[in-house]
1. Among the candidates A:ARG127, A:ARG37, A:ARG121, A:ARG99, which residue alone is of a type in the set (Lys, Arg), under 29 Å from B:PHE93 (Cβ atoms) and under 17 Å from the mean Cα position of the chain (by Cα)?
2. Given the options B:ALA43, B:ALA25, B:ALA54, name the one that is over 23 Å from A:GLY104 (Cβ atoms), part of a loop (DSSP other than H, G, I, E, B), over 13 Å from the mean Cα position of the chain (by Cα) and not polar (S, T, N, Q).
3. Please count how many residues of the range A:108-132 are small (Gly, Ala, Ser), within 14 Å of another protein chain (Cβ to nearest Cβ) and under 20 Å from A:ALA26 (Cα atoms).
4. Among the residues of the range B:48-60, how many are buried (at least 19 other Cβ atoms within 10 Å of the Cβ) and either out of contact with any strand residue (DSSP E or B) (no Cβ under 7 Å at 6 or more places or on another chain) or within 8 Å of chain A (Cβ to nearest Cβ) (or both)?
5. Could you give me the residue pairs with C-beta distances under 7 Å whose first residue belongs to the range B:51-70 and is in contact (Cβ under 8 Å) with a residue 12 or more places away in the chain and at negative phi, whose second residue is polar (S, T, N, Q) and assigned to a helix (DSSP H, G or I) wherever it lies, and which are 6+ apart or on separate chains?
6. Testing B:GLY45 on (1) crowded, with 20+ Cβ neighbours inside 10 Å; (2) at pLDDT below 95, one condition comes back false. Which one is that?
7. Can you tell me how many residues within the range B:66-98 are assigned to a loop (DSSP other than H, G, I, E, B) and closer than 19 Å to B:THR15 by Cα?
8. Scan the range B:85-100 and give yes if some residue there is away from every other protein chain (no Cβ under 14 Å) and not basic (Lys, Arg), otherwise no.
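The values are calculated or read from the model by the stated rules, or taken from the named source; none is laboratory data. Since the structure is predicted, the reported quantities are computational estimates derived from the model, not experimental observations. Note that each Cβ is placed from the backbone with ideal geometry, even for glycine, and that neighbours are counted across all protein chains shown.
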Amino acid sequence: MRLRIANRLAEVFFALDRIDVALHEAGLADAQRADIRLVIEELLVNTVHHGYPDGQPGWIEIRLDVDREAVTVEIGDDAAPFDPLAQPEPTLPGDLADRHEIGGLGIHLVRALASDVRYARDARGNRLTLRFFHPSPEPTT
Amino acid sequence: MTLTLRTESSSPNRTTLWLQGRLDAETFGELDEALGTIMPTVADGGTLVLELGALDYISSAGLRSFAKARKAMRERHGHTLLLNPQPQVRKVFDIVKAVPVNEVFANTEELDDYLDRMQRQVIEQQESGEG
């Protein structure tokens, strides 16, 4: 599956719904679909909010591939360079109401929920490749 | 699926807000708006209960709304307690250490017991202060 959208929030949620349907049709369990949706939401919303500081129009491309081992998601865009792996870990005092900074939670969720994240920057822009391994089946005794 | 909200106030000291559906960057504004209306109606020192049994999904945008609500209630010496989060939402809470474990309840009985204990502590403190 391949989707190309404009850098607008409404299109992000249109893409998330399309991806959800595709993953449902591929037979993924609700929990894995929710994790993948969450990771993609955090990344795309972040790109739309912060990747185009001058408000210029841009594009975001999402590719989805499901095989026996994992779901692979590739996200490309022409936004400002942004490597989520290079961001510092957020401070987590045990109560979000005690945090002083606003950001950092989304990228923390991305790193926690994706099995593997790789970032590259080329002439076209940012490229992020994420993998989500299928959960192991419960052992039967 | 979007976000559906419903409120019930059993007394000025306690208001419950039920959340159903998905709380994300598209819907958090609806929650903020509802909280902006509800929170001023809760008495100072009162309790806001967020009932999460039918909330399927939360992203960082929703977490920020919860944090804002907890801060606002705390400034008025009140509490924001979370009731019945389902596995997906609970997993997200765990990853970001969203709230102290003792402010999340699996069911209404646990929550009522907690509020009763808090109430007794307040009365005991008042009595020892008087004595």
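1. A:ARG37
2. None of the other options fit; the residue is B:ALA43.
3. Going through the range A:108-132, the residues small (Gly, Ala, Ser) turn out to be A:112, A:114-115, A:120, A:123, A:125.
Restricting the remaining residues to those that are within 14 Å of another protein chain (Cβ to nearest Cβ) gives A:112, A:114.
From the residues that got through so far, the ones that are under 20 Å from A:ALA26 (Cα atoms) too are A:114.
The total comes to 1.
4. So the count comes out to 3.
5. Short answer, once both residue conditions are applied: B:ASP56/B:GLN88; B:TYR57/B:GLN88.
6. Result: B:GLY45 passes all but (1).
7. Residues that pass the stated criteria total 5.
8. Within the range B:85-100, the first condition is being away from every other protein chain (no Cβ under 14 Å), and the residues that meet it are none.
No, the range B:85-100 contains no residue that is away from every other protein chain (no Cβ under 14 Å) and not basic (Lys, Arg).
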